[in-house]
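Single-structure report; data block below.
The values are calculated or read from the model by the stated rules, or taken from the named source; none is laboratory data. Keep in mind that this is a model prediction, so the values were computed, not measured. Backbone-built Cβ (ideal geometry, glycine too); neighbour counts: all protein chains shown.
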């Protein structure tokens, strides 16, 4: 009888451990999916930027340095996003992505500020359309980041809570990194896009 009770306890413990493991896997997959949603919106943003630059180039012929800075920042952000896509939650990848996105936002803000001096560009229908798409995409990126950070918080809370923390350590569930802005309070302001 004691052997059967012992075996029953082992079976219950095994199912309990599997439940914890499966829960950790599910929350990890949730934050990876949430990052994939950010990635989709970032790719859309990166695709819009060259069109925006090309439209503005015709009007802002003397602003070559600004255009080059925008394209350079875009390319760095694309590279950082690709690295982060390969390892969502990785602290170094998330930090690099946050820094690259901050730099891109900064140079886009500079380009938009310079564009204010060109009335024909402000009235250009293509530029207005691109501006609207970029604004919409920025909102979607913000929403996707919030979803990602919520999923990471849920995962990290679960992997740090007892008894899940015991199994998380045994099975190599590492902490995931939130996607945070890395810039100063002044740079955190959204670029003012007015055409």
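Inspect all residues belonging to the stretch 12-28 and state whether any of them is assigned to a helix (DSSP H, G or I), surrounded by 16 or more Cβ atoms within 10 Å (Cβ to Cβ), modelled with pLDDT of 90 or more and under 19 Å from the mean Cα position of the chain (by Cα).
Checked the stretch 12-28: at least one residue is assigned to a helix (DSSP H, G or I), surrounded by 16 or more Cβ atoms within 10 Å (Cβ to Cβ), modelled with pLDDT of 90 or more and under 19 Å from the mean Cα position of the chain (by Cα).
Within the stretch 78-97, how many residues are crowded, with 19+ Cβ neighbours inside 10 Å and at pLDDT below 90? Lay out the reasoning, then the answer.
First, pick out the residues of the stretch 78-97 that are crowded, with 19+ Cβ neighbours inside 10 Å: 80-81, 84, 88-89, 93-94, 96-97.
With at pLDDT below 90 added as a condition, the list becomes 88-89.
Going through the stretch 78-97 one residue at a time, the tally reaches 2.
Somewhere in the stretch 99-109, is a residue within 30 Å of residue 172 (Cβ to Cβ), within 14 Å of the chain's Cα centre (by Cα) and crowded, with 18+ Cβ neighbours inside 10 Å? Full working, then the answer.
Taking the stretch 99-109 and keeping what is within 30 Å of residue 172 (Cβ to Cβ), we get 99-101.
So of that shortlist, the ones also within 14 Å of the chain's Cα centre (by Cα) come out as 99-101.
Going one step further and asking which of them are crowded, with 18+ Cβ neighbours inside 10 Å, we end up with 100-101.
Yes, the stretch 99-109 contains a residue that is within 30 Å of residue 172 (Cβ to Cβ), within 14 Å of the chain's Cα centre (by Cα) and crowded, with 18+ Cβ neighbours inside 10 Å.
Does the stretch 141-167 hold any residues that are buried (at least 18 other Cβ atoms within 10 Å of the Cβ), within 14 Å of residue 28 (Cβ to Cβ), within 20 Å of the chain's Cα centre (by Cα) and in contact (Cβ under 8 Å) with a residue 60 or more places away in the chain, and which are they? Steps first, please.
Residues of the stretch 141-167 that are buried (at least 18 other Cβ atoms within 10 Å of the Cβ), as a first pass: 141, 144-145, 148-149, 151-152, 155-156, 158-159, 164, 167.
Narrowing further to those that are within 14 Å of residue 28 (Cβ to Cβ): 148, 151-152, 155-156, 158-159, 164, 167.
Applying the additional criterion that residues be within 20 Å of the chain's Cα centre (by Cα) yields 148, 151-152, 155-156.
Correct list: 148, 151, 152, 155.
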